[in-house]
1. Over what distance in Å are the Cα centres of region 160-196 and region 74-99 separated?
2. By count of other Cβ within 10 Å, fewest leading, how are Ile223, Ile206, Ile229, Ile109 ordered?
3. Quick one: if you stick a label point 7 Å off each Cα along the C-beta vector at His216 and Lys173, how many nm between them?
4. Which order do Met246, Met135 fall in if you start with the one that has the fewest other Cβ atoms within 10 Å?
5. How large is ³J(HN,Hα) for each residue in region 81-90, as worked out from phi by the Karplus curve 6.51 cos²θ - 1.76 cosθ + 1.60 (θ = phi - 60°), to whole Hz, x for Gly and Pro?
6. To the nearest µm²/s, what D does Stokes-Einstein give for region 210-270 at 20 °C and 1.002 mPa s, using the Kirkwood radius over alpha carbon pairs as Rh?
7. Please rank Thr221, Thr77, Thr183, Thr243, fewest neighbouring Cβ atoms within 10 Å first, as an exposure proxy.
8. Under 18 Å Cα-Cα from Lys125, which lysines qualify once same-chain neighbours fewer than 8 residues away are excluded?
Amino acid sequence: MKQTVFADDRTAGVQGRVSLRLAWCVATLGLVLTICGATAAQEEDAQKPLAFVGSPYLRAELVKPAVERYVADRSRTKEDVKMSLGGPRDWLPPATNTVVNGRGDFMMISALDWKWRVADGLKAKLKYYPVARQMVDRAGKVVGSVEYGFVGKKKLRPVANQFLQFFREKGVKNVDGFVSVDTESVEFTAPDYYDPEPWADQQQPIMVHSVDLHRHNYRTTIIAELAKIRMEGYNGVMVGGQTDAMMAWAEENGMMLSGKPELTKENLVLFGNL
């Protein structure tokens with residue numbers, strides 16, 4: 001039987017094909033624009049300098065010399081690396097937030113500070129990359145060590161990943177006790193006479209062996225510095241601005257901290273502005 005095709009049917013068929021072609025063109029254009037936008041963003045991201053935040057001490061003694069060798073080895077310029085972003089970004093927690101939001105590639109930190117001071121919520125977004133160890137000696141004998149690392153995103157930018165590999169292979173020179181992270185070290189054991197709770201005995205004066213420490217230089221490595229001081233034989237540190245994490249570590253390790261703790265406005269009101 002011959003099928004009758006009405007004009008309206010033919011018109012609808014043509015309109016359908018036109019609509020499909022138009023939709024395909026729109027979708028293709030959208031995909032092209034998306035790819036172009038992503039490519040432009042990737043190119044802009046690749047041109048951003050490698051950026052660090054964190055401890056001024058670690059920057060000066062460990063990372064800056066390695067960056068200078070990296071720049072020479074890879075035919076880069078000093079403008080390709082920012083050793084600091086300035087302001088509060090070298091402190092915790094601003095340093096971690098700077099890395100999370102992509103403004104910085106690495107936060108220089110110690111393994112102890114990563115463990116004690118970085119919130120679990122931030123740890124879930126970041127990764128700790130161990131890079132070096134620092135030997136601690138007392139009376140000419142190595143008694144222990146502390147570990148340092150970089151905190152970055154779980155997926156690093158190519159330039160950050162290149163520097164990380166370079167640092168692990170060629171970055172650490174045996175200066176000021178720094179060695180490669182896989183160097184074996186003795187585990188610190190406190191001497192028998194070391195009092196784990198020097199504040200507990202109220203019947204006799206406390207024997208205090210203390211040093212002065214300026215927290216400004218160890219913004220993301222302060223607990224590692226306290227640990228080194230303990231290994232050297234001291235049981236007290238004069239340091240201002242103690243945080244809850246610092247005091248918790250000190251209590252667990254028999255260290256006395258003297259100085260004004262870090263206070264919020266709420267603390268000041270609670271304690272009568274003292």
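Every read-out reported here was derived from the displayed coordinates using simple, explicitly stated rules and does not represent laboratory data. Please read these numbers as outputs of a predicted model, since none were measured by experiment. Here Cβ is always computed from backbone atoms with ideal geometry, including for glycine, and neighbour counts include all displayed protein chains.
1. Here the two parts' Cα centres lie 22 Å apart.
2. Ile206, Ile229, Ile223, Ile109
3. Each label point is offset 7 Å from its Cα along the Cβ direction, giving 2.7 nm.
4. Met135, Met246
5. Karplus values, whole Hz, x for Gly and Pro: 9, 10, 6, 7, 9, x, x, x, 5, 8.
6. So the translational diffusion coefficient is about 180 µm²/s.
7. The most exposed by this proxy come first: Thr77, Thr183, Thr243, Thr221.
8. Within reach: Lys115, Lys153, Lys154, Lys155.
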